[in-house]
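Notes for the one structure printed next.
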Amino acid sequence: MPRLWQDGRSWGAGGGGNAVGDTARWESALRAAPGILRAAPAVLRADLRPDRRDPLPRHRHLGRLAHGHIVLVCVLLGFWNTNHYESFMEPATGAVSLLVVLQSAAPVLALTRPAAALWLSTTALALTAALTSAVFGLSWPWSVPGIVLHTLVLLLLALRVRPAAAVAALGLSLLTGIGAVVPRGVPGLITLPQGAVFFATATALGCALRAARVSRTRLVAQEELTAEERARRALLEERGRIARELHDVVAHHMSVISIQAQVAPHLVEDPSPELRENLAGIRQNAVDALTELRRVLGVLRGDGAEGDTAAGVRHAPQPTLDRLGELLDNVRAAGLDVTATNRGEGRPLSPGTELSAYRIVQEALSNVMRHAPGTRATVETHYHPGGLTVRITNTPPPPARAARPAPAGAGAGAGQGGREPGHGLLGMRERTAMLGGELAAGPTPDGGWEITATLPAPLDRKDGS
């Protein structure tokens, strides 16, 4: 179904252009015209069914108060309309009074069933014009309050149906008045032109407001999709970065296996052919695995990280906790007041654990510098039988900078140590989850920020080969 009939947005909306662009749009509209005409009956049947229920949404600020105002206006216009007809019919007939009541109730019905309200109001207008045709007054075929009531119905209808249906409702209303006036040839002033202006204005206003609401709804939906896509891409980028770093750790172990398998036969006096064959197979498998790892690394690094290549850090050794002091010196040189404490007896951990701990400290400190400048940070490492706990805290930012959002763990920060920055808490959680650990982040009671990562590394786990 063409978009014009689906969402109320016509072609060509969106600003000016050159003559070629305007011509192209006209040609596009002409090509779409047959499809639009074929879709029109289905649109009218769907939007103007009398049983179609479409409650008017609550106002963002006024709530249901706007609905109450509409009801009050309808009551006042109903009294005005009744007095109007009684003033020159002396008194108004029962049928006219009933039609006045029904027309006054039409806008109230339009709050929940706009299509049914249109048919009710249009029928009341036509029958009232027919019953009052013998009293040719200056307000015939429509009275002024009747025009206002039907204008309100058209406005409420145009707010909730597609433009094609709203235009059809406008045409039906005008045909009702023309059909009442033309056969009788009433001389003098009539309210048909004034009603046409009011009806057309209400229809145009309702269509414009509906188009704005549809645009806002689509914009919100697009923003949600964009945020989800951004989060997904950030997660994939962070996982790719972690995989690139861990490749070096795995490649180191595979290289050690290959070298040990090659040297082992020379450490045994008169090795058997079976032993040589098995060791050769181990070495070949290690070399093959190392080759495949390099291929995978080539794919992971195919994202064009030119900055890393220029800096020569792609092939640099991955950092461990031994370089934590160097990281803290770089942070202090950048202007952050940071102190470090160590608890427990330090011991070598697996390269992956040390790399993850280093990166978590790096990300947290970079985010302190980015989101909470002027604070004091503390880095605490605690070695315990179950592994390593890293805790990074910062004090509340100074009052002049307190309005800056999200201290130490919120978004990406500028990393130190020549590495590309990560994605803040996202990267920390990925690294911690990869090792089967836990990460907690949140504000401290004094208004600062705290990040605690627990990385499992039991004492019986050996590092290295």
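Can you name the residue in the range 80-97 that is in a helix (DSSP H, G or I) and loosely packed, with under 13 Cβ neighbours inside 10 Å and, of all such residues, is farthest from the chain's Cα centre (by Cα)? Lay out the reasoning, then the answer.
Just the residues of the range 80-97 that are in a helix (DSSP H, G or I), to begin with: 80-89, 94-97.
Those still in the list that are loosely packed, with under 13 Cβ neighbours inside 10 Å too: 83, 87, 94-95.
Working: ASN83: 53, SER87: 58, GLY94: 57, ALA95: 55 Å.
This residue is SER87.
Taking the residues in the range 375-401 that are aliphatic (A, V, I, L, M) and open to solvent by less than 10 Å² (accessible area, probe 1.4 Å) as candidates, determine which candidate is farthest from the chain's Cα centre (by Cα).
Step one: filter the range 375-401 for residues aliphatic (A, V, I, L, M), giving 377, 379, 388, 390, 392, 400.
Okay, now just the ones that are also open to solvent by less than 10 Å² (accessible area, probe 1.4 Å), so 377, 379, 388, 390, 392.
Values: ALA377: 34, VAL379: 36, LEU388: 38, VAL390: 34, ILE392: 32 Å.
Per the stated criteria, the residue is LEU388.
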For this session: Taking ALA105 as meeting all but one of (1) outside any helix (DSSP H, G or I); (2) modelled with pLDDT of 90 or more, write down the number of the exception.
Result: (1)
Problem set entry | Subset of the range 255-279 (residues that are open to solvent by less than 60 Å² (accessible area, probe 1.4 Å), in contact with a helix residue (DSSP H, G or I) (Cβ under 6 Å, 6 or more places away or on another chain) and either in a helix (DSSP H, G or I) or at positive phi (or both)) | SER258, ALA261, ALA264, PRO265, LEU279
Exercise. Tell me, which helices (runs of 4 or more DSSP H) wholly within the range 298-374 include 3 or more residues that are at pLDDT 80 or above and open to solvent by 20 Å² or more (accessible area, probe 1.4 Å)?
Worked result: 324-333, 351-371
For this session: Check off (1) at pLDDT below 90; (2) part of a helix (DSSP H, G or I) for GLY171 and give me the number that stays unchecked.
Result: (1)
For this session: Among what's in the range 178-200 and is modelled with pLDDT of 80 or more and open to solvent by 80 Å² or more (accessible area, probe 1.4 Å), pick the residue that is nearest to VAL144 (Cα to Cα).
Result: GLN194
Seminar exercise, completed: Over the range 265-275, the set of residues modelled with pLDDT of 80 or more and among the hydrophobic types (A, V, I, L, M, F, W, C) is LEU275
Exercise. If we keep just the residues of the range 424-444 that are in a loop (DSSP other than H, G, I, E, B) and not hydrophobic (A, V, I, L, M, F, W, C), which is surrounded by the fewest Cβ atoms within 10 Å (Cβ to Cβ)?
Worked result: GLY436
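The values are calculated or read from the model by the stated rules, or taken from the named source; none is laboratory data. Quick caveat, the model's predicted, so the values are computed rather than measured. Because the Cβ atoms are built from the backbone with ideal geometry, glycine has one as well, and the counts that use them run over all protein chains shown. In case anyone asks, the SASA skips ligands and DNA or RNA and just uses the protein heavy atoms, side chains included. Shrake-Rupley method; radii C 1.70, N 1.55, O 1.52, S 1.80 Å.
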